[in-house]
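The values are calculated or read from the model by the stated rules, or taken from the named source; none is laboratory data. Here the structure is a predicted model, which is why all the values come from computation and not from measurement. FYI the Cβ positions are ideal-geometry reconstructions off the backbone, even for glycines, and counts take in every protein chain you see.
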Amino acid sequence: MELILREPLDKIWADQDVFEIAAGLEGQVIRDKEGRQTLKFELQGKTYYRKLHTGIGWREILKNFSQVKMPVIGASNEWLAINRIRNLGLDTLTPVAYGKKGLNPARQRSFLITEELRDTLSLAVYAEGWPSQPPPPAQRRALITKVAEIARTIHRAGINHRDLYICHFLLDQSQAARQNMLSPRLFLVDLHRAQIRKTVPRRWQIKDLASIYFSCLDIGLTRRDVLRFLRVYFDQPLRLTLTWENKLLGQVSRRAVKLYRRDFGRVPRLP
């Protein structure tokens, strides 16, 4: 059994059966599917999110392995990813509790509790009006640069997200942040499928980059925007990237187009 409590829950739930408390919390169910329930709840005037994993069963585990995918069997994956990303100096969720018990991976019970992120907006929602109402150029450049920096940082640290769409970058919309939009603050979320290794395998690097590219195809990006992203992400002169990474960039583009055709039934207009 594993149990970690941080302030203020370490004091609120001291000397109690935390597993029973976490399982019995009441609030608004946000998601309840595939052995994982996400619940929004309040405690002593603060809002939290609890993700409760109750086991996905051997059938689902074997299905994932047959598809050469690593199954997500509990909350430990997200707990480790969140803490690793915070240690890298990036903004993400704030975890306050984690617990796991049971040796059988198909029936293992675990939970993760994080603080609510307030005054944020999905970057996908924020950018959906750009084709008709483009943001100031400097702000656009700042956001592209920030996304590229985050992707570069996690990949260099051996972390791949597996769902790195721009909807999983949450833009700080607090009053202080709005006054300094040239230095945007983005929170990287939805990390329950993230993987941590010494280095990110090429196939997973391609998947993450293609996910970003795919989710930006309808927001009015220009070729200059794409080149800006590449310059920041690879952190080297563009001419070197376009020469040395030509094969990778082709694979990223083809995967993004494939995703777009699957979801929208048509070929996208590329920048």
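Here residue 158 meets the list (1) surrounded by fewer than 18 Cβ atoms within 10 Å (Cβ to Cβ); (2) under 30 Å from residue 1 (Cα atoms); (3) more than 22 Å from the chain's Cα centre (by Cα) almost entirely, failing just condition (3). Exactly one residue out of 132, 110 is under 21 Å from residue 83 (Cβ atoms) and modelled with pLDDT under 95: that is 110. Per the conditions (1) within 23 Å of residue 125 (Cα to Cα); (2) without any contact (Cβ under 8 Å) to a residue 60 or more places away in the chain, the sole criterion not satisfied by residue 246 is (1). Taken over the range 100-143, the criterion of being surrounded by 13 or more Cβ atoms within 10 Å (Cβ to Cβ), under 18 Å from the mean Cα position of the chain (by Cα) and in a loop (DSSP other than H, G, I, E, B) is satisfied by 116, 117, 119. Taking the stated definitions as given, is residue 83 out of contact with any Asp or Glu (no Cβ under 9 Å at 6 or more places or on another chain), polar (S, T, N, Q) and modelled with pLDDT under 95? Judged against the criteria, residue 83 is not a match. Residue 269: closer than 30 Å to residue 51 by Cβ and exposed (fewer than 12 other Cβ atoms within 10 Å of the Cβ), yes or no? No: the conditions fail for residue 269.
In the range 28-39, which residues are surrounded by 15 or more Cβ atoms within 10 Å (Cβ to Cβ) and either at pLDDT 95 or above or part of a strand (DSSP E or B) (or both)? If the condition is that a residue be surrounded by 15 or more Cβ atoms within 10 Å (Cβ to Cβ) and either at pLDDT 95 or above or part of a strand (DSSP E or B) (or both), then 36, 37, 38, 39 are the ones that fit.
The rows are residues; the columns are (1) of a type in the set (Gly, Ala, Ser); (2) out of contact with any Ser or Thr (no Cβ under 9 Å at 6 or more places or on another chain).
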site	(1), (2)
148	yes, yes
151	yes, yes
164	no, no
190	no, yes
204	no, yes
210	yes, no
213	no, no
220	yes, no
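Against the definition (modelled with pLDDT of 95 or more, over 30 Å from residue 43 (Cβ atoms), assigned by TED's automatic domain parsing to the domain that holds residue 235 and in contact with a helix residue (DSSP H, G or I) (Cβ under 6 Å, 6 or more places away or on another chain)), how does residue 153 come out, yes or no? So residue 153 fails the test. Here is the figure for the range 233-262: residues that are surrounded by 17 or more Cβ atoms within 10 Å (Cβ to Cβ) and among the aliphatic types (A, V, I, L, M) total 5. All of (1) assigned to a loop (DSSP other than H, G, I, E, B); (2) among the acidic types (Asp, Glu); (3) within 23 Å of residue 92 (Cβ to Cβ) hold for residue 15 with one exception: (3). Kindly indicate whether residue 35 is more than 23 Å from residue 118 (Cα to Cα) and more than 23 Å from the chain's Cα centre (by Cα). Taking the combined requirement at face value, the residue does not satisfy it.
Somewhere in the range 215-232, is a residue charged (D, E, K, R), surrounded by fewer than 12 Cβ atoms within 10 Å (Cβ to Cβ) and in contact (Cβ under 8 Å) with a residue 12 or more places away in the chain? Within the range 215-232 (the criterion being charged (D, E, K, R), surrounded by fewer than 12 Cβ atoms within 10 Å (Cβ to Cβ) and in contact (Cβ under 8 Å) with a residue 12 or more places away in the chain), the answer is yes, since at least one residue qualifies. Of all the numbered requirements in (1) touching a residue at least 60 places away in the same chain (Cβ under 8 Å); (2) closer than 21 Å to residue 85 by Cα; (3) of a type outside the set (Ser, Thr, Tyr); (4) surrounded by fewer than 20 Cβ atoms within 10 Å (Cβ to Cβ), residue 201 misses one, and that requirement is (1).
Report the residue count in the range 164-214 for those that are in a loop (DSSP other than H, G, I, E, B), farther than 18 Å from residue 144 by Cα and not hydroxyl-bearing (Ser, Thr, Tyr). Looking only at that region, the number is 10.
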